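J.: Below is the structure I would like to discuss, written out as structure tokens.
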Amino acid sequence: MTETNVELLIGLLVAAFPLVAVARRLQISYPIALVLGGLALGFVPGLPHVQLDPNLVLLIFLPPLLYWEAVTAPTDVMLANPGQIGMLAIGLVFATTVIVGIVMHAVVPEMPWAVAFVLGAVVAPTDELASAPVLERLKMPRHLIAIVEGESLVNDALSLVLYAAAVTAVVTGVVRVWHIIGFLFVAAIGAFVLGLFVARIAVEGWRRVTDTQLQGVISLLLPFLAFAPAQRLGISGVLSVVTAGVYVNRFTPTVLTPSSRLQLVGFWETFVFIANALLFLLVGLQLRTIAANVFAHDSWPAVLLYAVIVNVAVIGVRLVWFLATEYVPVIGGSSEHPEGDWRHALIASWSGLRGAVSLAAALAIPLTTASGAAFPHRDLIIFLTFSVIFVTLVGGGLTLPRVIAALHVAENEPEETEDLRRAQNEIARAALARIDELARDNRIDAAHASALRKRYEHERLLSAKASGGDLPEAEEQHWNAEREVIDAQRRALVDLRERGEIDNAILRHVLISLDLAERRLHR
């Protein structure tokens, strides 16, 4: 990496902060602001030429981002809806690839069928890297978010296999249908096995190594160890990483130390933010070069017409598919439709955002075929892919909250709120029961037991406030007083540092405990 590239990356990170701040002030998802900001920066004179290396996206950015999305996704709800997610990750991807391919061959007759299917496979998968920051702001029903995120996590596998098969057909001029089907089966099974194997090694490593830093290193290496061998073996690296993330998510509460969990949450949240900022800014910066290449061969009215047709095809197929899965029993619906199902289907179809995965696949198209000829319509495919990313991410992301409001879908999470209340009450009851056992065994004295009982009874009452309930007046005063006590402790700690009686290392160490106490209080 050259010095110019390093300076560019630093400059992009600096530019990301005001863009994200504006996005949060306007209450829009920050990837939208970053793509628009990248577009604007792309036309600033004097900026160096930007070429987003697809191998960098696939090997450096994609594995850890996929891993963190898999770890934080509502996997229990996803596993409870395998049929719906499977219909989207397999059926909808295949349908989108075929329909877009047919449409493009119809409007551009000189485009070979295999080339048209390359475009279809590139724009078929939704992108969890693009959709997650948008969806996390919207308090939609939990099962709906789980289905959309589950689709985004696993649909890359099929789309990339179809993409590879179509590219191979263009480059070699040979199409082997049964080879494609067999490869798809092997890629899925192999990725699943590899992901489980790597995840199990990580879990056993965490059991035996309790050092905080070493546990963090295992967490960082895990997605790369799941992805790189899969790519080398020709199986789905995406599915391997997702499998590993879902598996280890079941064990991290027991095999990671509390300090490791705290540090890793902060690390991964920061890493994901920086990676998303760079990716979406770089996506926007690509447009100037891509557009120049396309308009050098095709007229801009024709190219814009192609973009409109492709976007209508992509969005239309998704909308029809979701409505069909709700109302056509053969496809996956049922004869009984609770009120609001069609609304949920419309919202889920509107959430089909595309992002860096589609762009990386388009940029990875070879420059030439086996005969040495230029890959047909490569620049046009890249431009149309960017148009789909722009329309679904910016257009879909900005309008989705308005669609939810227009459909009168309640923006609340009763299932999650109820689960939170149940969990908090249950752990408080477990603490009180254990205190009684310790008191009966004379392992703590009566005064200590009484103090602990008051503390956990207080925690139980606070859980009612965290879930939206009301506290008794005395407990409300206690809650406010505890918050003020923490503020006073923090001020005293800073004063000690200002007087030179403690250094920054001690301040940070103690400040973490105060921050955790306040976080627990507000939660």
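J.: Quick test for you: out of LEU135, LEU79, LEU129, LEU160, pick the one residue that is at pLDDT below 75 and open to solvent by 50 Å² or more (accessible area, probe 1.4 Å).
T.: Numbers: LEU135 fails: open to solvent by 50 Å² or more (accessible area, probe 1.4 Å); LEU129 fails: open to solvent by 50 Å² or more (accessible area, probe 1.4 Å); LEU160 fails: at pLDDT below 75.
Residue meeting the stated conditions: LEU79.
J.: A further question follows. Mind checking which helices (runs of 4 or more DSSP H) fall wholly inside segment 244-307 and carry at least 2 residues that are within 27 Å of HIS105 (Cα to Cα) and without any contact (Cβ under 8 Å) to a residue 40 or more places away in the chain?
T.: Ranges flagged: 287-295.
J.: So, of the residues in segment 219-255 that are open to solvent by 40 Å² or more (accessible area, probe 1.4 Å) and among the aliphatic types (A, V, I, L, M), which turns out to be farthest from the chain's Cα centre (by Cα)?
T.: LEU233
J.: Just the residues that are part of a helix (DSSP H, G or I) and either touching a strand residue (DSSP E or B) at 6+ places or on another chain (Cβ under 7 Å) or open to solvent by 10 Å² or more (accessible area, probe 1.4 Å) (or both), please, taken from segment 98-126.
T.: VAL98, ILE99, ILE102, VAL103, HIS105, ALA106, VAL107, TRP113, ALA114, PHE117
J.: Here's another thing I want to ask about it. Looking at LEU393, LEU398, can you tell me which residue is open to solvent by less than 20 Å² (accessible area, probe 1.4 Å) and touching a residue at least 24 places away in the same chain (Cβ under 8 Å)?
T.: LEU393
J.: Using beta carbons and a limit of 7 Å, which pairs, at least six apart or on different chains, have the first residue in segment 368-382 and over 15 Å from PRO112 (Cβ atoms) and the second one open to solvent by 40 Å² or more (accessible area, probe 1.4 Å) and not hydrophobic (A, V, I, L, M, F, W, C)?
T.: Taking only residues 6 or more apart or on different chains, the pairs are ASP379/ASN293; ASP379/HIS297.
J.: Quick one: in segment 1-46, of everything that is open to solvent by 80 Å² or more (accessible area, probe 1.4 Å) and within 15 Å of LEU278 (Cβ to Cβ), which residue is modelled with the lowest pLDDT?
T.: Ranking the candidates gives MET1 first.
J.: Here is a follow-up. In segment 229-242, which residues are under 16 Å from ASN155 (Cα atoms) and touching a residue at least 60 places away in the same chain (Cβ under 8 Å)?
T.: Correct list: SER236, GLY237, VAL238, LEU239, VAL241, VAL242.
J.: Could you please tell me which pairs satisfy a Cβ distance under 8 Å, a separation of 6+ or placement on different chains, a first residue in segment 207-228 that is more than 13 Å from LEU256 (Cβ to Cβ), and a second residue that is surrounded by 13 or more Cβ atoms within 10 Å (Cβ to Cβ) and among the hydroxyl-bearing types (Ser, Thr, Tyr)?
T.: Short answer, once both residue conditions are applied: PRO223/TYR67; ALA226/TYR67; ALA226/SER240; ALA226/THR243; PHE227/SER240.
J.: Any chance you could count how many residues in segment 191-221 are part of a helix (DSSP H, G or I) and among the acidic types (Asp, Glu)?
T.: 1
J.: Which count do you get for residues in segment 433-458 that are open to solvent by 80 Å² or more (accessible area, probe 1.4 Å) and in a loop (DSSP other than H, G, I, E, B)?
T.: 4
J.: Would you confirm whether or not segment 179-199 contains a residue that is under 24 Å from the mean Cα position of the chain (by Cα), at pLDDT 85 or above, open to solvent by less than 20 Å² (accessible area, probe 1.4 Å) and of a type outside the set (A, V, I, L, M)?
T.: Looking through segment 179-199, at least one residue is under 24 Å from the mean Cα position of the chain (by Cα), at pLDDT 85 or above, open to solvent by less than 20 Å² (accessible area, probe 1.4 Å) and of a type outside the set (A, V, I, L, M).
J.: Could you tell me whether segment 388-398 includes any residue that is modelled with pLDDT under 80 and in a helix (DSSP H, G or I)? I'd like the intermediate steps shown before the answer.
T.: Going residue by residue through segment 388-398, those that are modelled with pLDDT under 80 are 397.
Restricting the remaining residues to those that are in a helix (DSSP H, G or I) gives 397.
Yes, segment 388-398 contains at least one residue that is modelled with pLDDT under 80 and in a helix (DSSP H, G or I).
J.: Of all residues in segment 495-523 being in a loop (DSSP other than H, G, I, E, B) and at pLDDT below 70, which is nearest to ARG261 (Cα to Cα)?
T.: That would be ARG523.
The values are calculated or read from the model by the stated rules, or taken from the named source; none is laboratory data. Please read these numbers as outputs of a predicted model, since none were measured by experiment. As a convention, Cβ positions derive from the backbone with ideal geometry for all residues, glycine included, and neighbour counts pool all protein chains shown. What goes into the accessible areas is simple: the full protein's heavy atoms, side chains included, and nothing from ligands, DNA or RNA. Shrake-Rupley method; radii C 1.70, N 1.55, O 1.52, S 1.80 Å.
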